[in-house]
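Heads up: the structure comes next, in structure tokens.
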Amino acid sequence: MGAVNDRFPHYIEFRHVSKTFDHPVLVDCSFHVDPGETLAIIGRSGVGKSVSLQHIMGFMRPDEGQVIVAHRNIGGLSEAELRLIRKKVTMVFQSGALFDSLTVGENILFSLELREDYNESNKADVVRGLLDMVDLAAYEDAYPADLSTGFRRAVAIARALAAQPECVLYDEPTTMVDPLMSDDMAALMLRLKRQLRLTSIVVTHDLDLMRRVADKVVFLYEGRVIYFGGIEGIEDCPHPHVREFLAMDRVVLG
């Protein structure tokens, strides 16, 4: 894990972060996640969940406040310094963002090519090991177009892990996948957390996934944090918008 900074003890932290486009998207947001923990960011569409991930990756900068990543305030970092941060913190995009012209194995190999600590003789072993980790060893020679949405996301996770990150950001990992694949994805995220002690942040609408993998939860409403705390506390949160969101989930589940 990154060296702990006394000023920034949490692995990732938002300190009074605000961001406005044509309207306020994040308003005075404060929350954090510690090494080895999983934080879920939930709320309705358009409340700033994905924008939060963009800030963590350094693709956006806040109008106000501080974004701490890997125990560093990334606000004033150069692009070269941000690239070093992105070696520690990687993002699994909703689309998977795989190269369509490369096989599954070649997609993962692409990430390994960026590293200096592998030689040609063991790269193939590492690719197979990563595919084993996400239960896709049989698909090494398949192309992304041949795979379901859920399998493409699992490949994207394997590719992200090739860089040996300390933290993985998941953007809606169970959107547009069937319930069985959603269950598999939750199991995979839990396994990676336990085996690799990964820190992670997951943006999701899926409350079942939230309950299974999260240690802490941030609930965003109109760009504001209206709940931040342990997973067990959100069920008892009295805020009406949180109550409504949880009740709607129960109605959908029937």
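Observations on the structure shown:
- Remark: 59, 93, 245 ranked as 59, 93, 245, counting other beta-carbon atoms within 10 Å and listing the fewest first.
- Only Lys, Arg (+1) and Asp, Glu (-1) charged, at Cβ; segment 164-234 dipole about Cα centre in debye: 360
- If the chain linking residue 100 and residue 126 were pulled fully straight, counting 0.36 nm for each residue of separation and taking away their Cα-Cα distance, it would gain 7.2 nm.
- Total charge dipole magnitude, segment 92-238, about the Cα centre, Cβ charges on Lys, Arg, Asp, Glu only, Debye to nearest 20: 360
- Taking a ≥ b ≥ c as the square roots of the Cα gyration tensor eigenvalues, segment 175-254 comes out oblate, since a/c reaches at least 1.5 and a/b does not exceed b/c.
- Packing rank of 229-235, 84-90, where each peptide gets the mean count of other beta carbons within 10 Å, highest leading: 84-90, 229-235
- Given charges at Cβ of Lys, Arg, Asp, Glu: the chain dipole, positive-most of 109, 177, 230: 230
- Only Lys, Arg (+1) and Asp, Glu (-1) charged, at Cβ; the chain dipole about Cα centre in debye: 500
- Charge dipole (the chain, unit charges on Cβ, about Cα centre) - positive-most of 91, 65, 20: 65
- Taking Cβ atoms as reference points and 14 Å as the exclusive limit, the residues near residue 233 contribute a net charge of -1, counting Lys and Arg as +1 and Asp and Glu as -1.
- Correct option for mean projected area of the Cα convex hull in nm² [calculated from the coordinates] among [x] 18.6; [y] 12.4; [z] 14.3: [z]
- Surrounding net charge for residue 86, when Lys and Arg each add one and Asp and Glu each subtract one, Cβ distance under 13 Å: +1
- Residues 225, 104 in ascending order of nearby Cβ atoms (within 10 Å, fewest first): 225, 104.
- For the chain, relative contact order (Cα pairs under 8 Å, six or more residues apart, normalised by length) works out to 26 percent.
- Fewest neighbouring Cβ atoms within 10 Å first, the residues 242, 126 line up as 126, 242.
- Filter on 19/88; 87/123; 19/193; 87/216 - keep pairs with C-alpha separation over 22 Å: 19/88; 19/193; 87/216
Read the figures in this text as sums done on the coordinates, not as results from a lab. Keep in mind it's a predicted model, so treat the numbers as computed, not measured. As a convention, Cβ positions derive from the backbone with ideal geometry for all residues, glycine included, and neighbour counts pool all protein chains shown.
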